[in-house]
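Read the structure below first, then the notes.
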Amino acid sequence: MRTMGGNVATDRGHTRAKLSALQEQSVQPTVISPHVKSAGSAWKPENLYISRFHTHPEYPQILPMANPSHDPHVRLTELGLTLPPPPKPVAAYIPTRLIGNLLFVSGQIPLKDGALMATGIVPRDVPIETAQECARQCVLNGLAAASAALGSLSRIASVVRVGCFVACDDSFTDHPKVANGASELLVEIFGERGRHARAAVGAPSLPLGTPVEVEFLFEVTP
């Protein structure tokens, strides 16, 4: 198989060699997905594929294939969460765009049952705790859009990046706390493969008066 980003051709024997080299160096490959029956099964070459996103200076990141018993949809049920219907765009854009093995999800606002969960500026009008809940709702809306585009959340190999925008004044500095509402939920749902790069920034206002907007970038499998 071939990685998309590095043009590194490899076969199963090459994968075994990489695994052996990592073990000899006492370096564990970064396991993004918890979807393996046991810790040992993650090392079986037939259960692995090579990601384009490298975390080791010499070897590509090695990810285990998903175990259906740990499907993200099942995990959502375990958390008592339900994906809403995919939100419709509120302006001239599309909700998602798939480029190669990357799915870009447009910025999501905390719409729930057709209405914003809160409006205004954080923390003047919206407490940080409420803003965090808004960020969590943005995740559910974003995953709903991703599921509609992919057919199943099981195709998400990793969460690559999250961008969180917080409506606030120039004295506010707790943007990361608000963004944690989104980041922590993604890890709850996807485990280690839900950990991601992130930007958390402030804005004087956001669309429709929402206090929070979150955008997503996912790595997906065919």
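Before moving on, here are some points about what is shown:
- Residues that are touching a residue at least 60 places away in the same chain (Cβ under 8 Å) and aliphatic (A, V, I, L, M) occur at least once in region 179-196.
- Verdict on ALA118 being touching a Ser or Thr at 6+ places or on another chain (Cβ under 6 Å), small (Gly, Ala, Ser) and over 18 Å from ARG198 (Cβ atoms): yes
- The set of residues in region 81-98 that are more than 14 Å from CYS138 (Cα to Cα) and either among the hydrophobic types (A, V, I, L, M, F, W, C) or touching an Asp or Glu at 6+ places or on another chain (Cβ under 7 Å) (or both) comprises VAL90, ALA91, ALA92, ILE94, LEU98.
- The requirement of being of a type in the set (A, V, I, L, M, F, W, C) and farther than 17 Å from LEU76 by Cβ is satisfied by VAL162.
- Taking region 91-107 as the range and being at negative phi, under 17 Å from the mean Cα position of the chain (by Cα) and assigned to a loop (DSSP other than H, G, I, E, B) as the test, the residues that pass are PRO95, ASN101.
- Scan of region 118-144 for residues that are in contact (Cβ under 8 Å) with a residue 12 or more places away in the chain and in a loop (DSSP other than H, G, I, E, B), ordered by number: ALA118, THR119, GLY120, ILE121, PRO123, ARG124, ASP125, VAL126
- Filter result (more than 16 Å from VAL74 (Cβ to Cβ) and within 12 Å of the chain's Cα centre (by Cα)) within region 165-185: ALA182, SER183, GLU184
- Within region 68-90, residues that are on the phi < 0 side of the Ramachandran plot sit with their Cβ atoms under 6 Å from residues that are modelled with pLDDT of 95 or more and in a loop (DSSP other than H, G, I, E, B), at 6+ positions apart or across chains, in these pairs: PRO89/PRO95.
- Exactly one residue out of ILE94, ILE99 is assigned by TED's automatic domain parsing to the domain that holds GLY202, touching a strand residue (DSSP E or B) at 6+ places or on another chain (Cβ under 9 Å) and either among the β-branched types (Val, Ile, Thr) or surrounded by fewer than 17 Cβ atoms within 10 Å (Cβ to Cβ) (or both), and it is ILE94.
For every residue, the table says whether it meets (1) under 18 Å from ARG198 (Cβ atoms); (2) crowded, with 17+ Cβ neighbours inside 10 Å; (3) modelled with pLDDT of 95 or more; (4) not acidic (Asp, Glu).
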residue	(1), (2), (3), (4)
LEU76	no, yes, yes, yes
ASP125	no, no, yes, no
GLY142	yes, yes, yes, yes
ARG161	yes, no, yes, yes
CYS164	yes, yes, yes, yes
SER171	no, no, yes, yes
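- Residue count, region 207-218 (criterion: surrounded by 24 or more Cβ atoms within 10 Å (Cβ to Cβ) and under 10 Å from the mean Cα position of the chain (by Cα)): 2
- Residues (touching a strand residue (DSSP E or B) at 6+ places or on another chain (Cβ under 8 Å) and closer than 20 Å to SER152 by Cβ) located in region 197-222: PHE216, LEU217, PHE218, GLU219, VAL220, THR221
The values are calculated or read from the model by the stated rules, or taken from the named source; none is laboratory data. Note that this is a predicted model, so its numbers are computed, not measured. Cβ atoms come from the backbone with ideal geometry, glycine included; neighbour counts cover every protein chain shown.
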